[in-house]
Amino acid sequence: MAPASSSAAAGSSGSAPSSGAARVPVVVDTDLDADDLRALTYVAARPEVDLLAVTVAGTGIVHCPAGVAVARAVLGRLGRPDVPVACGRSTPLSGSAAFPEAWRVRADAAHGLDLAADSPKPSSTPTTAVDLLADVIGRSVDPVRLLVIGPATNVAEALAAHPDIASRIGAVTMMGGALGVPGNVAGSGVADSNRSAEWNVFADPGAWQAVLDAGLRPTIVPLDATNAVPVTRAAFLSIAANRDGAPAKLVFDLLEADPSLLMTEQSFWDSLAAVVAFDPGVVTTRSATIRVDQAAGNELGRLVEDPAGAAVTIATTADPAVFQAQFVSGLNGGAPVRPVPEPAIRLAVTFDGRTCRGNAMPATIPTGFVSIELDNTSTVGAAAALFLLRDGVTTADVVDALAANDDKVAAMGRVVASVNADAGARNRDVGIGTRPGSAFVGCVTFDPRPRLVVAAPLTIGP
C-alpha cells in the first residue's frame, strides 16, 4: 500500500514535462456531468497529453446528440477543435436505470456554461463511440491511456466488437463504485432504497463487469477516495486566483455557474480520477479482486470484493491538499500555484443572538476577493454571509425561504463569502464576487430553526 503522499514531492509543484518528453496518447470516455467537464479540461490542459478522442456515454447523465455538441464546444474553448468526439448507445448493456431527467437537461445545457461562441462546425469523425474507440486505439503507435469517468458502456461495447484493441490499451483509470462507504444513488428519486451503488456503475452494471472481465487491471477511484476531496471554498478560491488560461477559466466558470455548489455535498469525483491517471500518488491504494452485483434489488451496481473477481487497484482515500495543488497546477499547464491574495475589501459583523450589526459596512463594494469577519457574542453557533441576490429576488424572499427551511434558497442567489463562528468566538474567511448586483450581509443561526438576521444591504459593483 502506497502512502497517500508518496508522489507529492515529485508532483505537487506541478512542473511541466520537458520539451523532449514523449507525448502520452489518451482517450477520455465521459458522460459529461459538471465534474466530467472539469476532468476533461484538466486532461486537455496537461502539456504531455496527446488527446486522441473523447467518447460520450449516451447511457450517462447527458443525452445525445447534445453531449457531442457540449464536448466539441468545450474542446473548442480549449483550443482543441481537432479532437474527434462521438457518442455511444443510449441504452445500457444491462438494466434499465436512467439518471434523473432534471440532471440530464442541465447536462445537455453544459451546466450553465455559455458555449455558443465555441461550437465548431460538425466534423467527419466516425459516427459512433465504438467506431471511434476502435479507430484511435487501433492506430496508436503507443499504448493508449484510458480515462473512464461515466458508465462504461462505450468501452465495454468496443472491447466486445473489437477484442484486439485490448492489447493496445495501457493504463486504465475508472471513476465509480463504492466499497466501504454508502453509494450516491439513494436520494435521487430513482432507486432510493439502493444505498450501496454509485451512479456510474449503477447506470450500466453489465458494462462495468465486461470491462473488468477484459483483464485490463484498471485503477478504480470509488467514492471511498472521492469523499476525501469535497468541493470546498478553498479549492474554488485557489482556482479563482490561478485562472490564467482557458482551462482554468473554464473550470472556474463551471464552479461559478452552480450557485448551490458550496451549499451541497459535492466532490471532485471525476477530477480526482483524472489526476490519479497521471499522478497516482495523490491517493492511497490497495490491490483487490472485485465484481459488480448485477442482481435486481437494492444492491444492484454495488462493487463486491470477491476472490474470484477481477484484479484491480482500488483508491481508498486521497490527500486533499496534494490533489488541490496538482489539479490547479495542471489546469495551468504545470505552473506553480499562487496563493489566494489578501482581499482589499473587509466586511465585519457582530451577532449578539438577536441583532446582526455591520461595522462600518460600505454601501458598495467592487467585484473581486472579499473577506468577512464574524464576532459572535451570542450563546449559540452562528454564521455570517455576503449573499448576492438573483435578479428578481429580494432579501425578504431569502429570509422567508430560510425560515421555512426551503431548499430553494440555493437558487435565489449565491453565497459570495461566509464564515462560521462558535458561541463567543470570532472568525474570518474569504470569498470572491464575480458578478455585480444587489446583495446583503446577514447572520444565520440554526438553533432551534434556521433564522436569517440581515445586517445591511449593499451593492456589488463592476
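Within the set of other residues whose C-beta is less than 12 Å from the C-beta of ALA246, count the net charge using Lys and Arg as +1 and Asp and Glu as -1.
Counting the neighbours of ALA246, the net charge comes to +1.
Towards the positive end of the charge dipole of the chain, with charges on Cβ (+1 Lys, Arg; -1 Asp, Glu), say which of PHE369, GLY413, GLY215 has the farthest Cα.
Among PHE369, GLY413, GLY215, the one farthest towards the positive end of the dipole of the chain is PHE369.
If you take every DSSP beta bridge whose two residues both sit in segment 291-441, what share of them, in percent to the nearest 5, is antiparallel?
Roughly 75 percent of the DSSP beta bridges within segment 291-441 come out antiparallel.
Hey, of (i) 24.9; (ii) 23.2; (iii) 26.4, which did the structure itself give for Kirkwood radius over Cα pairs in Å when calculated?
This structure yields the entry labelled (ii).
What dipole magnitude, in Debye to the nearest 20, does the chain give about its Cα centre under +1 on Lys/Arg Cβ and -1 on Asp/Glu Cβ?
Here the chain has a charge dipole of around 860 debye.
Expressed in nm to one decimal, what extension gain is obtained for the pair ASP391 and ALA161 from 0.36 nm per residue of sequence separation less their Cα-Cα distance?
Full extension from ASP391 to ALA161 adds 77.6 nm.
Given labels modelled 7 Å from the Cα in the Cβ direction, how far is it in nm from ARG80 to SER287?
About 3.3 nm, to one decimal.
Mind listing the long-range amide H neighbours of MET412? Cut-off is under 5 Å, sequence gap 5 or more, other chains count too, H placed in the peptide plane at 1.01 Å from N.
Counting only residues 5 or more places away or on other chains, the set is empty.
Report D for segment 345-460 in µm² per second (integer): Stokes-Einstein, Kirkwood Rh on Cα pairs, 25 °C, 0.890 mPa s.
177
Farthest toward the dipole's positive end in the chain, which of GLY183, ALA308, ALA116, given Cβ charges of +1 (Lys, Arg) and -1 (Asp, Glu) about the Cα centre?
ALA116
Run the dipole for segment 345-460 about the Cα centre, Lys and Arg Cβ at +1, Asp and Glu Cβ at -1, nothing else charged, and hand back the magnitude in debye, nearest 20.
Computed about the Cα centre, the dipole is about 200 debye.
Could you tell me which residue out of GLY88, TRP199, VAL136 lies farthest along the dipole of segment 8-331 toward its positive end? Charges go on the beta carbon: Lys and Arg +1, Asp and Glu -1, centred on the Cα centre.
Farthest along the dipole direction, towards plus: VAL136.
Computed from the coordinates by the stated procedures, all read-outs in this text should not be read as laboratory data. Predicted model, so just to flag it, every value in this text is computed and none were measured. Glycine gets a Cβ as well: all are built from the backbone with ideal geometry, and neighbour counts include every protein chain shown.
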